[in-house]
Amino acid sequence: MSLARILLLSVFASCFSAALYGEYRQHGTHVHGEGELLVVLEDQALDISFRIPAGDLIGFEHAARTPEEEAAIASAKALLRDGDQVFTLTGAPQCELVRSSALFALTTHDHGEEETEGPTDNAAQAQEDEHGQHAEFHVRYKYQCTEPMELEAFVFNIFEHYPAVEKVKTALIISSEQSAATLTASQPEIRIKECRFSIGSWCVF
Ligand SMILES: [Zn+2]
């Protein structure tokens with residue numbers, strides 16, 4: 001792993017730490033097919049949050065225009081809120097879901113192309129959707145675990161539900177120890193108790 005990549009991961013982790021405390025980027029960028037996941041275990045509190053481009057789940061990234069699109073958003077949110085469907089905690093950490101939430105968030109950004117002003121009317125809105133409008137799902141879960149040290153692995157099942165999700169950049173913070181991994185359909189699991197090697201406080205999987 002190069003130093004540049006380690007630095008990037010550090011930035012990612014700090015961005016995500018901020019995100020966890022309610023500072024989600026409103027105008028950030030995302031890459032279609034890629035999600036970001038943060039798992040934080042501190043004492044008995046397990047906080048999991050992730051963001052994923054809406055297009056990878058429901059095929060569009062604008063406010064719902066039809067009842068069908070509204071239903072697609074609602075059904076994705078319902079699935080995402082259900083932690084049991086979205087990930088698996090192996091071992092016996094005895095975690096109980098305290099609360100979960102799933103938001104459909106419209107974002108506006110470009111991909112290094114021309115800047116676009118915010119929409120001022122319907123025509124501008126349509127233009128924006130095609131050129132600068134994006135949307136993401138922002139999902140959070142809060143668990144309380146009575147045996148947190150028994151947590152063996154975290155398996156992200158998002159790939160089974162949504163094949164358009166190609167990879168998920170993941171940061172894991174356990175008792176202030178940070179680690180990182182990129183999860184894919186063929187490697188959806190983070191082993192909590194294994195590191196191939198570590199650099200400083202970073203565990204590299
Ligand atoms: Zn997008």
Can you put V165, V39 in order of Cβ neighbours within 10 angstrom, beginning with the fewest? V165, V39
Gain on full stretching of the segment that runs from L106 to E189 - 0.36 nm per residue minus C-alpha separation: 27.0 nm
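Using Cβ counts within 10 Å as a stand-in for footprinting exposure, how do D43, D82, D56 rank, fewest first?
On the way: D43 9, D82 13, D56 22.
In order of increasing Cβ crowding within 10 Å: D43, D82, D56.
Sort S49, S100, S175 by Cβ crowding within 10 Å, fewest neighbours at the top. Display every interim value, and only then the final one.
Details: S49 20, S100 16, S175 10.
By the 10 Å Cβ count, ascending: S175, S100, S49.
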Under the rule of at least 5 residues apart or a separate chain, name every residue whose amide H is placed under 5 Å from the amide H of T108. H134
Pop out the ³J(HN,Hα) list for the range 72-79 in order, Karplus 6.51 cos²θ - 1.76 cosθ + 1.60 with θ = phi - 60°, rounded to Hz; leave Gly and Pro as x. 5, 5, 4, 6, 5, 4, 4, 5
Taking every other residue with Cβ under 12 Å from the Cβ of S175 and scoring Lys and Arg +1, Asp and Glu -1, one gets -3
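Working out 0.36 nm times the residue gap between E177 and E147, then minus their Cα-Cα distance, what length gain in nm do you get to one decimal?
On the way: separation 30, 0.36 × 30 = 10.80 nm, distance 1.82 nm.
Roughly 9.0 nm would be gained on extension.
Where a number appears in this text, it was derived from the coordinates with a stated rule and is not lab data. Just so it is clear, the structure is predicted and the values come from calculations on it, not from any experiment. Don't worry about glycine lacking a Cβ; one is built from the backbone with ideal geometry, like all the others, and counts go over all protein chains shown.
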